[in-house]
Each structure stands twice: as structure tokens, then as C-alpha cells.
1. Hey, can you tell me all the residues within segment 128-142 that are crowded, with 18+ Cβ neighbours inside 10 Å, out of contact with any strand residue (DSSP E or B) (no Cβ under 7 Å at 6 or more places or on another chain) and farther than 11 Å from Met115 by Cα?
2. Give the number of residues within segment 129-151 that are over 19 Å from Val50 (Cα atoms) and of a type in the set (D, E, K, R).
3. Kindly indicate the residue of segment 47-98 that is touching a strand residue (DSSP E or B) at 6+ places or on another chain (Cβ under 9 Å) and among the polar types (S, T, N, Q) and also modelled with the lowest pLDDT among those meeting that condition.
4. Being exposed (fewer than 12 other Cβ atoms within 10 Å of the Cβ) and in a helix (DSSP H, G or I) is true for just one of Val85, Val80. Which residue is that?
5. Any residue in segment 65-92 that is more than 12 Å from Trp107 (Cα to Cα) sitting within a Cβ distance under 7 Å of a residue that is part of a loop (DSSP other than H, G, I, E, B) and among the hydroxyl-bearing types (Ser, Thr, Tyr)? List the pairs, counting only those 6 or more apart or interchain.
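The values are calculated or read from the model by the stated rules, or taken from the named source; none is laboratory data. As the structure is a prediction and not an experimental result, all values here were calculated from the model. Every residue, glycine as well, gets a Cβ built from its backbone with ideal geometry; the counts of neighbours run over all protein chains shown.
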Amino acid sequence: MAASRWTEPERGADDRSAVRALLSRDGFEQLAALGALICLASLPLPWYRVAFSDRFRQSGFGSFGFAEAALIITLAGALVMLIQVGRGKRPPLPLHEGTLLAVAGVWAALIVGVMMLDRPRAFIGGLPTDYEFDYGIFVALGGAVLLAFSGFGVRRRELRRERSEVSAEAARSPTSASPPRSPR
């Protein structure tokens, strides 16, 4: 059974060299990692607050549920993939690094958007009160958008590289190209 490029063991690579390789790459991978880390770091920040008092605030961890778990899993998956790519491994075909990063960013932004629509309810003195948005949820949305933006940038670079490889290969071997068909 043959191993894929994603699962092949890397010889002599450790976590420090993976992080070093990630930091030495183009800016889009760095922006993707920064976006995912910003989104994760926003979870302990206040996401919701009661309008009439600054004492009543709730963080992203305040009402931990499936949405928060999905957000953490999505962002952790993007970071793990970036570390694997920093080690020199690539996702198996037909998957591409840029496409996966863009999908992770869009999915994280959708999760944050759902969390904006489905705000928790506060009960103060037995009376229900709605929470308003605080700055933490906008930080999370900004990190998710940064992750999606950088994923689209990585994908655009991958497509450009594939086109140049195909055109270089076609220039090297013009006889392998099929002759044009004549109309009948």
C-alpha cells in the first residue's frame, strides 16, 4: 500500500523547522496563520454585553456549544495543515492548500456569523435581556476573513504556478502536442 505525499514521514523535520519554514514562505501563509490565531485568541475576549451595564459581559467561551467547538476544530485544522505544508508535505490531489485555507476561512466566518445571529439571552433580576455585540466577535470575524483572503491568495499563486509549469512543459516538447484537426 503506497503512502500519499501527505502521510509520508518527513526525515529530519521537527516542529521548530516546520515553523521556521512557514515563517520563511510567502506572506499568504503567514497571513493565514495569523488569521487563524487571531480568531482563536478572540474566544476569551468579550463577545456580548448587556446594553445598560458593562459588568455583564460574555466571552466566546461563555456559552460553549457546537458552534464554538466547530470554530476551534476548523481553525486548528487550518493551523495543522499550515504546519504540515511548512514541513514540505502537501495535501493529496485533488486538494490544494489554498482551496482548503479559503474554505476554512469562509466556514469560520459563517460560524461567527451564525453566532452573531444566535446571541445568548441574559437574565438579570429574573427578566430576560438581549446581549449586544462587543469587540471580541468582530475580532473573530476579522481573523476568519483574513484566513479566507489569504487562502484565496495562496490558491491564485498555485494556479499561476501550475499554468507556468504546463506552458514550460509544452515549450520543451512541441512534438508531443497533438496536431490541430482539420475541419471536415
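1. Val139
2. 0
3. Within segment 47-98, the match that is modelled with the lowest pLDDT is Ser53.
4. Just one listed residue meets the conditions, Val80.
5. Within 7 Å, the pairs are Pro92/Ser4.
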